[in-house]
Amino acid sequence: MARIQTPHRVRGTQDIFRDEQRRFAHVLETFDRVRKLYCFERIEIPMFEATEVFARSIGETTDVVLKEMYTFPDRGGDSLTLRPEFTAGIARAYLTEGWQQYAPLKLATSGAVFRYERPQKGRYRQFHQIDAEVIGAPEPAADVELLVLADQLLRELGIDGVTLQLNTLGDAETRDAWRAALVAHFEAHRDALSEDSLKRLDKNPMRILDSKDPKDRPIADSAPDIDAYLTADARAFFDAVTAGLDAAGVAWTRNARLVRGLDYYRHTAFEFVTDRLGAQGTVLAGGRYDGLIESLGGPPTAGVGWAAGVERLGMLVAEPLAESVFFAVVPKDVAAEAAAEKLQAIIRRQGLPVDMPYKGNMKRRMQKAASSGAVFTIIIGGDELARGEVSIKEMETGDQRVTSLQSIHDDAITAFAETFNIPLRDAR
């Protein structure tokens, strides 16, 4: 009989287990805790949308739309796309679900996103992001709050050596004037530009500024800065953002070449960058997108947000401790297993983690209890049950004592705390 071949994991996906899972969970738990401090509401949105949601919001000429989206027809013939990011779906939901009545909205979410690209360090074809957005607030205070939230998140994750790079893209008037100046500059050097930059010149000239092609760098570096074209309103907006960051104690540095190519981006653009991940150094990025919702058919609506890759953040955090097993329960014989199951249920209902090795003789079960990291092991046998007692072994010291089974049934936490003279808060 031919051996059945086991299917392999699809390239660009991952199975998250043990230490990687602990890092992953630590990032998500910290994000959830910090977003509550800033009163951001948690939302969930679909994992796929009509393709036009992303084509219109991300930009039909971008690499994401042209090369990286997972797009497929459903059985009804509609074109659907797995989400490559969150903002477009959130903007669609804001319009279609009537969320305008609650504006301004502070929203947060997390989950899987999908992009067909070459897998690389910390980046997969199915990866995960955390996302925070403020919709319906044109004030610079919204930008400041999002940036302070991001800064606190990175601090509470214990991620050092991250720099906030900040720039302004100005208002519509600023952007139009700067774009015209950039086009004139790059046109004068058309013969020296890379093939990719020539394609961008007509539709997305700002993206030439962050070209990684060595051929483009001298031309991009000599391009005019946006500051010469800032309107008074645009300059005042950027000054308000930087003043807010200074007041909140968030360090930042100006990067005049940090851009967002699509026309609906306005004012603040930012990236938190580290040198610990090689060339892929951006760990969190975002900006203000005051024209996005209008591009989806809605009224002019202010918006600003950021996203961060969970995998990349997980690579930068210290490995969290494994989840603790406070108690292990070891029955000496089959007759004691039912009592052991009952005892586990009682202890768990009182909020303490407990585990029981499923099989093996007494010696093997005790070995498994020790390898699980249990603080205490409860030993139950037929003789002890007849007397209404259990033995409790403190695994670190080897001390073993006998206590009443009924006292554990009544209040396991108190019983163990009193038996071993440990503070009650440490027993939980």
Checklist entry - Within the range 369-382, how many residues turn out to be part of a helix (DSSP H, G or I) and crowded, with 18+ Cβ neighbours inside 10 Å? => result 1
Next on the checklist: Condition first: out of contact with any Gly (no Cβ under 9 Å at 6 or more places or on another chain), basic (Lys, Arg) and part of a loop (DSSP other than H, G, I, E, B). Can you find one or more residues in the range 333-356 that meet it?
Outcome noted: no
Checklist entry - Being in contact with a Pro (Cβ under 7 Å, 6 or more places away or on another chain) and either under 19 Å from Ala256 (Cβ atoms) or in a helix (DSSP H, G or I) (or both), is that true of even one residue in the range 207-218? => result no
Checklist entry - Mind checking which pairs have a first residue in the range 63-76 that is in the same structural domain as Tyr124 (by TED's automatic domain parsing) and a second that is at pLDDT 95 or above and surrounded by fewer than 14 Cβ atoms within 10 Å (Cβ to Cβ), Cβ under 8 Å, 6 or more apart or different chains? => result Thr71/Ser79; Phe72/Ser79; Pro73/Ser79
Item to check | Scan of the range 246-279 for residues that are among the aliphatic types (A, V, I, L, M), surrounded by 16 or more Cβ atoms within 10 Å (Cβ to Cβ) and touching a helix residue (DSSP H, G or I) at 6+ places or on another chain (Cβ under 6 Å), ordered by number | outcome: Val250, Val259
Next on the checklist: Among the residues in the range 104-119, are any in the same structural domain as Ala308 (by TED's automatic domain parsing), modelled with pLDDT under 95 and out of contact with any helix residue (DSSP H, G or I) (no Cβ under 7 Å at 6 or more places or on another chain)?
Outcome noted: yes
Checklist entry - So, of the residues in the range 175-189 that are surrounded by fewer than 20 Cβ atoms within 10 Å (Cβ to Cβ) and touching a Ser or Thr at 6+ places or on another chain (Cβ under 9 Å), which turns out to be farthest from Tyr264 (Cα to Cα)? => result His189
Checklist entry - Here are some conditions: (1) at pLDDT below 90; (2) at negative phi. Thr268 meets all but one. Which one does it not meet? => result (1)
Item to check | Residue that is surrounded by the fewest Cβ atoms within 10 Å (Cβ to Cβ), among those in the range 157-174 that are acidic (Asp, Glu) and part of a loop (DSSP other than H, G, I, E, B) | outcome: Asp160
Checklist entry - Checking Asn204 against (1) among the polar types (S, T, N, Q); (2) modelled with pLDDT of 95 or more; (3) outside the structural domain of Pro138 (by TED's automatic domain parsing), which single condition isn't satisfied? => result (2)
Next on the checklist: Any residue that is among the β-branched types (Val, Ile, Thr) and farther than 30 Å from Asp78 by Cα - is there at least one of those in the range 30-45?
Outcome noted: yes
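The values are calculated or read from the model by the stated rules, or taken from the named source; none is laboratory data. Computed from a predicted model, the values in this text were never measured in an experiment. Please note: Cβ atoms are built from the backbone with ideal geometry, for glycine as well, and neighbour counts cover all protein chains shown.
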